[in-house]
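The values are calculated or read from the model by the stated rules, or taken from the named source; none is laboratory data. Quick caveat, the model's predicted, so the values are computed rather than measured. For neighbour counting, all protein chains shown are included, and Cβ atoms are generated from backbone atoms with ideal geometry for every residue, glycine included.
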Amino acid sequence: MTVTAILSDVATAPHVGDLWKTRHDKTRFQWSSLALLTPAFGLLAVLFLIPMGYAVYLGLTNLTLVGPTAIKWGFTGTQNLVRMKSDTEFWTSLWTTGFFIAGSILGVVVIGYGLASLLMRARPWMRIIVGGIVVIAWMMPAVTAGMTWYASTTGGGTFGTLTGLHNTNFLDNAPLLIVTLANIWSMTGFCMLVMGAALRNIPSEAIEAAVVENASPWQRFRLIVLPLMRPTIIAVVLLVALLSLANFSLIYIMTQGGPGTATNILPLYSYEQAFTFNNLAYGALIGNVMVIIASIFGVLYVRIAARS
Amino acid sequence: MKIMKKASLHKFIAGAAVMAMAGTAITLGGGAMTAGASSKVTISVAYAANTTFDTTPLGTTWWGQVKKEFEAQYPNVTVKLVAVQGGEPDFLTKLALLYHTASTAPTLAQFPSTEIALYASTDYLMPMNKYLATTSWFKEYPKVIQNEGLIKGNIYAVSSGENNVGLYYDKAILTKAGIKLPWQPKTWQDIITAAQAIKKAEPKVIPLWLNAGTAAGPNGAGYGILNMLAGSSTPTIQTSSGKMVVSSPGILQALNFYHTVFADGLGAPTSQLFSPNNAPNIPSTDFFKGTLGIAVSANFIGGNWTKQVSFPYWAQASTAMGVAGLPTASGKGYASTLSGWDYGISSGASAAQATAAENFMNVAQESTNLIDAGNWAGWVPPVQSDWTVPLYTNFAAPFNEEFGKLLPYSTELPSSSNYNVWVQGMEQVSGTIAQTPSTTGAQAMAQLKQYVTNQLGPSEVTTLK
């Protein structure tokens with residue numbers, strides 16, 4: 001390349017001053033991007049916003065599955081909200097849901113991490129066998145998991161045989177605890193896989209340096225492993241919370257929300273109102289509460305992830 | 001020739017007039033005329049594929065048989081069978097959704113009697129008084145069954161079979177317990193005394209099966225506590241003004257009976273009572289295994305032991321088992337709930353379709369078909385004369401005949417959305433007593449009142465003194 005050509009390129013290149021005119025530290029908006037976003041927005045509107053808006057509207061009506069207001073139904077304002085405020089079953093159900101979710105998160109994270117940590121140290125063949133068994137439990141359909149746990153925890157089941165209390169009906173004696181354990185059992189495999197991957201990504205140098213510095217195992221876990229695992233744990237907590245919130249099948253198979261209302265979590269209470277009591281509108285309103293709870297988890301996740 | 005011409009002219013005018021009148025009639029008649037003998041009519045018939053008959057294949061066979069017979073008799077009508085899959089709650093949801101849209105509403109549907117008032121209040125059903133007045137079989141229904149679909153003077157649905165409840169007992173176990181056979185308790189105390197004797201003589205046997213809890217869905221109470229309520233001093237569930245009774249001497253009597261049974265350790269374990277796996281049918285397997293003494297159970301248990309149903313097949317059941325009426329609390333007569341499966345014609349059906357649906361019912365209600373349905377679905381046929389026909393009595397002897405005799409003592413269950421809530425509350429408190437036998441009848445009734453009032457509001461419930 002000749003000197004003339006180089007000078008010509010320099011002349012036609014954007015001036016340094018021009019480059020400064022375009023701010024790269026501020027969010028820019030390009031109208032053309034709207035066209036590119038349209039298909040995604042269309043899908044979002046059809047599959048989420050419109051059904052969600054309709055569900056919110058239904059929650060404020062008197063629509064029933066059968067009965068006089070199944071055909072001639074209409075907007076009733078805050079009537080269902082007022083009812084919900086004084087509906088003791090709803091508040092009991094909300095509390096039950098909270099216990100079920102919190103218990104599931106605690107169990108899944110602790111057991112999932114424990115298994116992942118142990119399998120890191122295990123021999124390869126053992127890792128394959130134990131890992132495989134746990135993952136099978138995770139992949140099992142809710143119906144199968146529910147029936148397995150039902151058979152194991154009622155009188156004459158595996159729990160009774162193992163504990164020597166043959167005719168004890170664990171499921172009916174402690175229903176919420178048992179369905180929470182069943183949920184933990186079915187989700188631990190997922191947690192173990194994710195935690196295992198995250199553990200393998202922790203730099204060995206950091207652990208080795210801590211060992212050299214005489215850090216105890218607890219200090220290594222608290223000061224190195226836990227901070228590095230934080231994004232993974234948050235993701236697992238959120239997903240377990242959302243999956244547990246929507247876990248209708250497992251409890252329906254095991255207890256149908258009973259005995260009494262002992263395991264009647266919000267999805268089951270919503271179903272009961274909509275399809276057993278025919279109150280579609282009130283069932284929709286309870287469903288909307290579940291969406292709000294799920295949204296809170298979602299927002300928390302996004303904020304914590306962004307901060308991380 | 002003139003005369004001939006005149007006659008021909010008259011014939012032509014008369015013929016033209018007839019043709020014109022017929023044309024006008026066809027034009028004005030619209031849909032009705034298209035139902036003429038030569039026009040094709042299609043009707044849809046919806047039924048529960050997996051819940052009404054004792055086994056799904058028996059249901060498929062019966063519906064296929066009736067359709068075949070009907071289409072042979074009425075070649076201009078095509079029947080489209082809509083077999084709705086799933087359990088009873090799934091069926092009811094699907095049927096409600098089918099009715100919701102005019103194009104999918106079944107011309108004829110078979111559904112539980114507890115849904116009649118709900119569908120009628122939604123204007124889904126057509127009154128069938130005129131049609132029923134012309135049939136020979138409806139006249140043979142006992143009054144209680146005739147009135148099953150009667151709402152404000154109109155009959156919206158007609159029974160195809162009924163379930164009632166009585167006492168089954170294992171003769172060998174009762175003999176070991178020192179109870180004289182045939183056993184017919186006169187009061188509720190007699191039942192408790194017999195159960196206590198069984199517990200003493202055969203400690204490993206469940207003395208008395210009383211359905212409790214919510215596992216069996218809304219029907220569970222109908223096979224359990226509502227029978228005690230039906231035999232109590234105040235059996236009212238819903239008042240004439242539509243209010244649900246949440247506190248009454250009768251409810252207290254029934255709940256106190258439950259309390260006595262479970263507090264004395266006479267009832268079945270909750271692992272069986274709360275089983276989501278078909279709890280009302282468990283007595284048939286427990287009796288077969290010799291682990292149950294007495295059961296308050298529905299008529300279909302006897303049919304369960306037949307070869308066709310095999311739940312399980314037990315050839316000796318006819319001699320090993322006995323049946324007795326469930327006495328009332330006062331000892332006067334027997335008590336039982338009554339619930340059936342009924343046919344209803346869609347209010348959206350055209351005149352031609354309604355006629356075809358009525359004709360379809362006539363075929364379905366022919367004696368052989370009605371008894372086959374009774375035998376295969378575990379129903380007492382609604383036609384009284386069928387209760388002594390060998391085709392019915394021999395199918396599950398002596399149970400079928402005995403439950404036919406008990407049917408006139410039965411009372412219908414209400415049909416309303418509020419009843420669905422009330423019955424859920426009743427099942428919950430019966431389950432509470434079974435699980436925590438220290439719960440007294442009064443405590444359980446207070447729970448019932450709290451639950452139903454919370455769900456329906458104070459204006460929808462009432463207390464009877």
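Would you be able to say whether some residue in region B:137-144 is out of contact with any helix residue (DSSP H, G or I) (no Cβ under 8 Å at 6 or more places or on another chain), over 15 Å from B:Pro414 (Cβ atoms) and of a type in the set (A, V, I, L, M, F, W, C)?
First, pick out the residues of region B:137-144 that are out of contact with any helix residue (DSSP H, G or I) (no Cβ under 8 Å at 6 or more places or on another chain): B:139, B:143.
Pick out the ones that are also over 15 Å from B:Pro414 (Cβ atoms) and you get B:139, B:143.
Going one step further and asking which of them are of a type in the set (A, V, I, L, M, F, W, C), we end up with none.
Checked region B:137-144: no residue is out of contact with any helix residue (DSSP H, G or I) (no Cβ under 8 Å at 6 or more places or on another chain), over 15 Å from B:Pro414 (Cβ atoms) and of a type in the set (A, V, I, L, M, F, W, C).
Please list, ordered by residue number, the helices (runs of 4 or more DSSP H) wholly in region A:163-266 having 2 or more residues that are surrounded by 22 or more Cβ atoms within 10 Å (Cβ to Cβ). Lay out the reasoning, then the answer.
Values: elements: A:170-173, A:175-200, A:204-212, A:217-220, A:226-245, A:248-254.
Fully inside region A:163-266 and qualifying: A:170-173, A:175-200, A:226-245, A:248-254.
Which one of these does B:Ser247 not meet: (1) touching a strand residue (DSSP E or B) at 6+ places or on another chain (Cβ under 6 Å); (2) crowded, with 22+ Cβ neighbours inside 10 Å?
(2)
Taking region B:410-432 as the search range and keeping residues that are among the β-branched types (Val, Ile, Thr) and within 11 Å of chain A (Cβ to nearest Cβ), which one is surrounded by the most Cβ atoms within 10 Å (Cβ to Cβ)?
Applying the first criterion (among the β-branched types (Val, Ile, Thr)) to region B:410-432 yields B:411, B:421, B:423, B:429, B:432.
Now restrict to residues that are within 11 Å of chain A (Cβ to nearest Cβ): B:421, B:423, B:429, B:432.
Numbers: B:Val421: 24, B:Val423: 26, B:Val429: 28, B:Thr432: 23.
Here the answer is B:Val429.
Can you pull out the residues in region A:253-278 that are more than 8 Å from chain B (Cβ to nearest Cβ) and out of contact with any Ser or Thr (no Cβ under 6 Å at 6 or more places or on another chain)?
Start the filter on region A:253-278 by keeping residues that are more than 8 Å from chain B (Cβ to nearest Cβ), which leaves A:262-271, A:273-274.
Passing the criteria: A:Ala262, A:Pro267, A:Leu268, A:Ser270, A:Tyr271, A:Gln273, A:Ala274.
State yes or no: is B:Val363 assigned by TED's automatic domain parsing to the domain that holds B:Leu273, of a type in the set (Val, Ile, Thr) and surrounded by fewer than 23 Cβ atoms within 10 Å (Cβ to Cβ)? Even if it seems obvious, please write down each step before you answer.
Numbers: assigned by TED's automatic domain parsing to the domain that holds B:Leu273: no; of a type in the set (Val, Ile, Thr): yes; surrounded by fewer than 23 Cβ atoms within 10 Å (Cβ to Cβ): yes.
No: the conditions fail for B:Val363.
I'd like the full set of residues that are under 16 Å from A:Asn278 (Cβ atoms) and polar (S, T, N, Q), limited to region A:43-78. Let's see the steps before the verdict.
Step one: list which residues in region A:43-78 are under 16 Å from A:Asn278 (Cβ atoms), which gives A:58-59, A:61-73, A:76.
Correct list: A:Thr61, A:Asn62, A:Thr64, A:Thr69, A:Thr76.
Between B:Pro276, B:Pro280, which is touching a residue at least 60 places away in the same chain (Cβ under 8 Å), within 22 Å of B:Ala377 (Cα to Cα) and assigned to a loop (DSSP other than H, G, I, E, B)? Before the answer, list the steps.
Working: B:Pro280 fails: assigned to a loop (DSSP other than H, G, I, E, B).
Matching residue, one of B:Pro276, B:Pro280: B:Pro276.
Quick one: is A:Leu171 farther than 29 Å from B:Gln450 by Cβ and modelled with pLDDT of 90 or more? Write out each step before concluding.
Working: farther than 29 Å from B:Gln450 by Cβ: no; modelled with pLDDT of 90 or more: yes.
No: the conditions fail for A:Leu171.
Across region B:83-139, which residue is surrounded by the fewest Cβ atoms within 10 Å (Cβ to Cβ) among those that are hydrophobic (A, V, I, L, M, F, W, C), within 12 Å of chain A (Cβ to nearest Cβ) and free of Cβ contacts under 8 Å to residues at least 24 places away in the same chain?
Quick first cut of region B:83-139, residues hydrophobic (A, V, I, L, M, F, W, C) only: B:83-84, B:91-92, B:95-98, B:102, B:105, B:108-109, B:111, B:116-118, B:120, B:125-126, B:128, B:132-133, B:137-138.
Of the ones still in play, those that are also within 12 Å of chain A (Cβ to nearest Cβ) are B:91-92, B:95-98, B:102, B:105, B:111, B:116-118, B:120, B:125.
Filter once more, keeping what is free of Cβ contacts under 8 Å to residues at least 24 places away in the same chain: B:92, B:96-97.
Details: B:Leu92: 27, B:Ala96: 23, B:Leu97: 12.
Ranking the candidates gives B:Leu97 first.
What's the number of the condition B:Pro207 fails, among (1) within 21 Å of B:Ser415 (Cβ to Cβ); (2) of a type outside the set (A, V, I, L, M, F, W, C); (3) more than 14 Å from every other protein chain (Cβ to nearest Cβ)?
Looking at each condition in turn, B:Pro207 falls short on (1).
Let me confirm something: among A:Leu37, A:Leu44, which residue is at pLDDT 85 or above, over 23 Å from the mean Cα position of the chain (by Cα) and closer than 30 Å to A:Asn288 by Cα? Show your work before the answer.
Numbers: A:Leu44 fails: over 23 Å from the mean Cα position of the chain (by Cα).
Being at pLDDT 85 or above, over 23 Å from the mean Cα position of the chain (by Cα) and closer than 30 Å to A:Asn288 by Cα holds for just one of A:Leu37, A:Leu44, which is A:Leu37.
Scan region B:435-446 residue by residue and report those that are surrounded by fewer than 18 Cβ atoms within 10 Å (Cβ to Cβ) and either in contact with a Lys or Arg (Cβ under 8 Å, 6 or more places away or on another chain) or assigned to a helix (DSSP H, G or I) (or both). Walk me through it before giving the result.
Step one: filter region B:435-446 for residues surrounded by fewer than 18 Cβ atoms within 10 Å (Cβ to Cβ), giving B:436, B:438, B:440, B:442-443, B:446.
If the condition is that a residue be surrounded by fewer than 18 Cβ atoms within 10 Å (Cβ to Cβ) and either in contact with a Lys or Arg (Cβ under 8 Å, 6 or more places away or on another chain) or assigned to a helix (DSSP H, G or I) (or both), then B:Ala442, B:Gln443, B:Ala446 are the ones that fit.
Taking into account only those residues within region B:283-294 that are out of contact with any Leu (no Cβ under 7 Å at 6 or more places or on another chain) and in contact (Cβ under 8 Å) with a residue 60 or more places away in the chain, which is nearest to the other protein chains (Cβ to nearest Cβ)? Walk me through it before giving the result.
Filtering region B:283-294 for residues out of contact with any Leu (no Cβ under 7 Å at 6 or more places or on another chain) gives B:284-285, B:287-292.
Now narrow it down to the ones that are in contact (Cβ under 8 Å) with a residue 60 or more places away in the chain: B:287, B:290-292.
Values: B:Phe287: 19, B:Gly290: 17, B:Thr291: 12, B:Leu292: 15 Å.
Residue satisfying both the conditions and the ranking: B:Thr291.
At least 1 residues that are of a type outside the set (Lys, Arg) and touching a Leu at 6+ places or on another chain (Cβ under 8 Å) in each: list the helices (runs of 4 or more DSSP H) lying fully within region B:118-222 that qualify.
On the way: elements: B:129-134, B:143-146, B:171-176, B:188-201, B:219-222.
So the answer is B:143-146, B:171-176, B:188-201, B:219-222.
If you scan region A:279-308, which residues turn out to be at the interface with chain B (Cβ under 10 Å from one of its Cβ atoms) and surrounded by fewer than 24 Cβ atoms within 10 Å (Cβ to Cβ)?
A:Leu280
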